[in-house]
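The structure under discussion appears below in the form of structure tokens.
The values are calculated or read from the model by the stated rules, or taken from the named source; none is laboratory data. Predicted model, so just to flag it, every value in this text is computed and none were measured. Cβ: placed from backbone, ideal geometry, glycine included. Neighbour counts: every protein chain shown.
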Amino acid sequence: MPSILARFRNLRHADAWIYGTMLFSACLSLLASFVLSIDAVRLAANPNVSLSCNLNAVVSCGTVAQSWQAQLFGFPNAFLGLIAEPVVITIAVASLAGVRFPRGFMFAAQVVYTLGVIFAYWLLYQAMVNIGALCPWCLLVTVSTTLVFATLTHVNIRDDNLYLPRPAQQAAARFIDADLDVIVMTIWLLVLALVIVTRYGTALFG
């Protein structure tokens, strides 16, 4: 009878788990992007409007949304999520149904989503260091895009979609086969939580 560890390994390497996690995370990111987009429209109509996530001086979506960083490309950044996440959702749903996308398409998705994750963390850095406020919906986008990135990377390494040199591909495949990516992602999210709590402390709940 398989051990609990063996069952876990079989589960997390199964398409149902990988694409299911991708789908769930992308839906969360899409939801957050939708809410942030609505808030951006409301703020454009009335800069003094009170948003539901304006809890205090620290937890304030309005403060973040009215910064120049929130409209880096001349429109609310949340609109990018409305464009990108449906693509990820389509990939996840189609893959759960047995569709396999061309290697070039999956490589392009990896490149674009990697840029998206970098952008999400740049925005989080700006919010924490320069803006001085934290947006719960933005934080949800950061966490959910991190999870999508992890699952997308897992799939693309497993299926050899990244055009890596053979030694690098073999090393990356061994890395995910040993479940080291789970350890890295768990540590990453714990460090993220620790940084936020250390930065804001009790102000998060006050």
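With the requirement that a residue be assigned to a helix (DSSP H, G or I), touching an Asp or Glu at 6+ places or on another chain (Cβ under 9 Å) and modelled with pLDDT under 95, what does the stretch 6-28 give you?
Across the stretch 6-28, the qualifying residues are Phe8, Arg9, Arg12.
For the stretch 86-111, name all the residues that are surrounded by fewer than 14 Cβ atoms within 10 Å (Cβ to Cβ) and within 15 Å of Thr153 (Cβ to Cβ).
Ala108, Val111
Applying the selection to the stretch 164-183, what residues are surrounded by 12 or more Cβ atoms within 10 Å (Cβ to Cβ) and of a type outside the set (Gly, Ala, Ser)?
If the condition is that a residue be surrounded by 12 or more Cβ atoms within 10 Å (Cβ to Cβ) and of a type outside the set (Gly, Ala, Ser), then Leu164, Gln169, Gln170, Phe175, Ile176, Asp177, Asp179, Asp181, Val182 are the ones that fit.
A quick yes/no check of all residues on (1) surrounded by fewer than 19 Cβ atoms within 10 Å (Cβ to Cβ); (2) in contact with a helix residue (DSSP H, G or I) (Cβ under 9 Å, 6 or more places away or on another chain); (3) in contact (Cβ under 8 Å) with a residue 40 or more places away in the chain; (4) closer than 11 Å to Ala32 by Cβ:
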residue: Trp122; (1), (2), (3), (4): yes, yes, no, no
residue: Ile131; (1), (2), (3), (4): no, yes, yes, no
residue: Val141; (1), (2), (3), (4): no, yes, yes, yes
residue: Val148; (1), (2), (3), (4): no, yes, yes, no
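With respect to Val182, is the statement that it is modelled with pLDDT under 95 and in contact with a Lys or Arg (Cβ under 8 Å, 6 or more places away or on another chain) true?
Values: modelled with pLDDT under 95: yes; in contact with a Lys or Arg (Cβ under 8 Å, 6 or more places away or on another chain): yes.
Against the criterion (modelled with pLDDT under 95 and in contact with a Lys or Arg (Cβ under 8 Å, 6 or more places away or on another chain)), Val182 qualifies.
Out of the residues in the stretch 184-206 that are touching a residue at least 60 places away in the same chain (Cβ under 8 Å) and surrounded by 15 or more Cβ atoms within 10 Å (Cβ to Cβ), which is nearest to the chain's Cα centre (by Cα)?
Ranking the qualifying residues of the stretch 184-206, first place goes to Ile196.
State the number of residues belonging to the stretch 41-58 that are among the aliphatic types (A, V, I, L, M) and touching a Phe, Trp or Tyr at 6+ places or on another chain (Cβ under 8 Å). Can you show your working first?
Step one: list which residues in the stretch 41-58 are among the aliphatic types (A, V, I, L, M), which gives 41, 43-45, 49, 51, 55, 57-58.
Checking which are touching a Phe, Trp or Tyr at 6+ places or on another chain (Cβ under 8 Å) leaves us with 58.
Qualifying residue count, the stretch 41-58: 1.
When you scan the stretch 46-67, do you find a residue that is of a type outside the set (S, T, N, Q), surrounded by fewer than 18 Cβ atoms within 10 Å (Cβ to Cβ) and outside any loop (DSSP other than H, G, I, E, B), even just one?
No.
Given the criterion of a type in the set (Val, Ile, Thr) and in contact (Cβ under 8 Å) with a residue 60 or more places away in the chain, identify the matching residue among Val155, Val111. Even if it seems obvious, please write down each step before you answer.
Details: Val111 fails: in contact (Cβ under 8 Å) with a residue 60 or more places away in the chain.
The unique qualifying residue is Val155.
Taking helices (runs of 4 or more DSSP H) that fall entirely within the stretch 89-206, which contain at least 3 residues that are polar (S, T, N, Q) and within 24 Å of Ala70 (Cβ to Cβ)? First the steps, then the outcome.
Details: elements: 103-125, 136-158, 166-177, 180-200.
Once the helices (runs of 4 or more DSSP H) in the stretch 89-206 are filtered for at least 3 residues that are polar (S, T, N, Q) and within 24 Å of Ala70 (Cβ to Cβ), what remains is 136-158.
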